[in-house]
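Colleague: The following block contains the structure, expressed as structure tokens.
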Amino acid sequence: MTVETTFIKDLLVLTPTIFEDERGYFFESYSEASFAKNGLSYAFIQDNQSFSKRGVIRGLHFQKAPYAQTKLVRVLKGEILDVAVDLRKDSVTYGQHFSIQLSAENKKQLLVPKGFAHGFSVLSANAIVSYKVDEVYHKESESGIQYNDPTLAINWQVNAAEAIVSDKDRVLCPFNDLK
């Protein structure tokens, strides 16, 4: 596994070592030992999976402390634009976002630590997204930011007229209203 840093501290892009031959390929999508060898220590407790069609935008979601979650995101089918927004008020990159295309083809993963809002848009005909979390879902701690907040100015690479967004995500608060 290779670990790439991003311009936002603690937000990492992970690429597994892939073994290919005439049969196909094999890789470890997660290995506690590989994480430890790279100085990463997370106790993932649950795997989540979603299916979405082209134009879907999910997010930007996060859970408030003490139920904040670290996520390890990957794509099993298709391609997404994965986005993380730094919500750590003491961070020099507070309010900045990072985006990366994750796909079944490139097999890259994004490690999104606690203190970030997370979302994605679907760029392929459909996509299956899988992610590990290190904390249980806690409804009362659920929160989020409007996906189209002008302060963040995220280019979701989806035509606004064709974006498919849940009613719940449409009414999330603007970034500047976060407490």
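The values are calculated or read from the model by the stated rules, or taken from the named source; none is laboratory data. What you see is a predicted model, and the numbers here were worked out from it, not measured in a lab. Heads up, the Cβs are rebuilt from the backbone with ideal geometry, glycines too, and the neighbour counts pull from every protein chain shown.
Colleague: Out of the range 95-150, which residues are closer than 13 Å to Ala84 by Cβ and among the charged types (D, E, K, R)?
Modeller: If the condition is that a residue be closer than 13 Å to Ala84 by Cβ and among the charged types (D, E, K, R), then Lys114 is the only one that fits.
Colleague: Sticking with this structure for a sec: I need the strands (runs of 3 or more DSSP E) fully contained in the range 90-179, keeping only those with at least 2 residues that are under 19 Å from Phe44 (Cα atoms), under 18 Å from the mean Cα position of the chain (by Cα) and in contact (Cβ under 8 Å) with a residue 40 or more places away in the chain.
Modeller: Strands (runs of 3 or more DSSP E) meeting the threshold: 109-112, 116-122, 126-133.
Colleague: Can you find a residue in the range 77-85 that is surrounded by 14 or more Cβ atoms within 10 Å (Cβ to Cβ), under 28 Å from Ala163 (Cα atoms) and either among the aromatic types (Phe, Trp, Tyr) or touching an Asp or Glu at 6+ places or on another chain (Cβ under 8 Å) (or both)?
Modeller: Yes, there is a match, as at least one residue in the range 77-85 is surrounded by 14 or more Cβ atoms within 10 Å (Cβ to Cβ), under 28 Å from Ala163 (Cα atoms) and either among the aromatic types (Phe, Trp, Tyr) or touching an Asp or Glu at 6+ places or on another chain (Cβ under 8 Å) (or both).
Colleague: A further question on this structure: All but one of (1) within 23 Å of Ile18 (Cα to Cα); (2) surrounded by fewer than 18 Cβ atoms within 10 Å (Cβ to Cβ) hold for Ile45; which doesn't?
Modeller: Against the list (1) within 23 Å of Ile18 (Cα to Cα); (2) surrounded by fewer than 18 Cβ atoms within 10 Å (Cβ to Cβ), Ile45 comes up short only on (1).
Colleague: Do we have Gly115 as surrounded by 23 or more Cβ atoms within 10 Å (Cβ to Cβ) and within 22 Å of Asp169 (Cβ to Cβ) here?
Modeller: no
Colleague: Looking at Ser121, Ser130, can you tell me which residue is crowded, with 20+ Cβ neighbours inside 10 Å, of a type in the set (Ser, Thr, Tyr) and at pLDDT 95 or above?
Modeller: Only one candidate qualifies: Ser121.
Here is a yes/no grid of residues against (1) assigned to a loop (DSSP other than H, G, I, E, B); (2) touching a Leu at 6+ places or on another chain (Cβ under 8 Å); (3) modelled with pLDDT under 95:
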site	(1), (2), (3)
Lys9	yes, no, no
Phe44	yes, yes, no
Arg58	no, no, no
Tyr67	yes, no, no
Ile80	no, yes, no
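Colleague: Just to verify a result, which residue in the range 26-42, among those that are surrounded by 10 or more Cβ atoms within 10 Å (Cβ to Cβ) and hydroxyl-bearing (Ser, Thr, Tyr), is farthest from Tyr137 (Cα to Cα)?
Modeller: Checking each candidate, the answer is Ser34.
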